[in-house]
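To start, the structure itself, in structure tokens.
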Amino acid sequence: MDRFDIRGGTRLAGRLSVKGSKNAALPLLAATLLTDEPVTFRHVPDLADIRNMLRLLGELGCQVDSSPATDTDSPGGSVRLHVTDPTVSHARYEIVRTMRASISALGPMLAKRGYARISLPGGCSIGERPVDLHLRGLQALGADITLDSGDIIARVPKAHGKAGRLRGARIFLGGPFGSTVLGTANVMCAAALAEGTTVIESAACEPEVVDVANLLIAMGARITGAGSPRITIHGVERLRGADHTVIPDRIEAGTYMCAALITNGDITLDNCPADALMAHMDRLTHAGGHFETDDKKDPMRTTVRCQGAGTRGIQPIEVTTQPHPGFPTDLQAQLMAVLTLADGNSVITERIFTERFLHVAELSRMGANLFRQGPTVIVSGVRRLVGAPVMASDLRASACLVLAGLAAEGTTVVNRVYHLDRGYERMEDRLRALGANIERVNEKEPAISA
């Protein structure tokens, strides 16, 4: 098991290209199951979750051809997927347990093959994330769904003794904590091959959903309203292959923006989805950050220069996580790391995953002054953080601790960085290119001295 050894206190400066989006790529890859023709994806990041999804699709009858990026700072490599054996429709627990996004295969398999069996995803370290909205949406389309030995079994009922099709319906997908991104993508994929018209109300508005819709449209689907709370899908009988470029990863971009602020640095991000980060950039600007965006480029693939607060220092702010276009929960932990060094008291309220505060105790080990009350954390800024051994608990908490380590005095040892490998491609190399003193070390090796 690897760890990061970080000697903090270095001002980061340089240029990076944002990788393709993990959260978009996973349901995009699963959508390949909707067609018999090849689908090519570009700007696919090399991440543990992506490799697991490709392994799953290989077991589900896809031929997988991957070409890694030739340039280490490119947005990603390419993947060509082609369903050659549609008879295997069981997503086994051994693979599904490695990532919750495996559930994205359910809707496409069901719509195309009429049958899908997929292991029920378990919980995770940031709280329960049930799939009931996925199943409710697919049932509204006419699917028969049962549970057997920990597996979800979904079938399309036969019509007059022949293979049937899902039927369009009006579906409400709102949940107690807002809309479901993967659930919206799952139901949208299934509805693309359903008979008739489907209206998804309270659909997720995230750019990752829009990216899936754009792929489906390129494959021949008839979809309007993606990016709004109401998506309308007019079902078609078949979908064709396509060539699709994955959108940039807004969470990776937002993390490196936080790195610029917490180290008072100067980082330029190419291929940056600024249009999907307005809430995040707004909060960082109020905290003292400076941003310059190239307005001549596509706002989803633009260039953004990110600078720290300078001599003024980081300022306290208030922030509440919300569904898109609000402040993203996936950047809450990283922002908290920044605000530990603010000149005053900040307030962070988590409205999406109310237990997403496992990083609070670890930041406190580094000298942060934090007080949690239910879904809210009061962050009282301190003059300095001090390096310490800390334990990563999930993907975004890991990024938070790395950011804190970059700014801390002395040495920070971040354990369990396999969480980071799920969502950040070669993070240590990319930070080192910006001037960070960071090394990936095998756990058997001794930690570096302060």
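Please indicate, with yes or no, whether at least one residue in the stretch 237-259 is in a loop (DSSP other than H, G, I, E, B), assigned by TED's automatic domain parsing to the domain that holds ARG136, within 22 Å of ARG113 (Cα to Cα) and touching a Lys or Arg at 6+ places or on another chain (Cβ under 7 Å). No, the conditions are met nowhere in the stretch 237-259. Of the residues that make up the stretch 147-154, is at least one in a loop (DSSP other than H, G, I, E, B), assigned by TED's automatic domain parsing to the domain that holds GLY220 and surrounded by fewer than 24 Cβ atoms within 10 Å (Cβ to Cβ)? Yes: one or more hits. With respect to the conditions (1) surrounded by fewer than 18 Cβ atoms within 10 Å (Cβ to Cβ); (2) closer than 19 Å to VAL39 by Cβ; (3) of a type in the set (S, T, N, Q), ASN214 lacks only one, and its number is (1).
Number of residues in the stretch 354-369 that are of a type in the set (D, E, K, R), assigned to a loop (DSSP other than H, G, I, E, B) and in contact with a helix residue (DSSP H, G or I) (Cβ under 8 Å, 6 or more places away or on another chain) equals 1. The residue that is surrounded by the most Cβ atoms within 10 Å (Cβ to Cβ), counting only those in the stretch 63-116 that are among the basic types (Lys, Arg) and modelled with pLDDT under 95, is ARG100.
List pairs: first residue in the stretch 25-48 and within 22 Å of GLY114 (Cα to Cα), second residue among the aromatic types (Phe, Trp, Tyr) anywhere in the structure, Cβ distance under 8 angstrom, at least six positions apart or on different chains. Short answer, once both residue conditions are applied: LEU28/PHE41; LEU29/PHE41. Criterion applied to ILE200, ILE267, ILE233 was being in the same structural domain as ASP343 (by TED's automatic domain parsing), outside any helix (DSSP H, G or I), of a type in the set (A, V, I, L, M) and over 20 Å from the mean Cα position of the chain (by Cα), and the one residue passing it is ILE267. Contact annotation: residue pairs with Cβ atoms under 8 Å, 6 or more positions apart or on different chains, pairing a residue in the stretch 351-372 that is under 12 Å from GLN332 (Cβ atoms) and touching a residue at least 24 places away in the same chain (Cβ under 8 Å) with a partner that is among the hydroxyl-bearing types (Ser, Thr, Tyr) and part of a loop (DSSP other than H, G, I, E, B), are LEU358/SER125; LEU358/SER393; HIS359/SER393.
The values are calculated or read from the model by the stated rules, or taken from the named source; none is laboratory data. Computed from a predicted structure; not experimentally measured. Backbone-built Cβ (ideal geometry, glycine too); neighbour counts: all protein chains shown.
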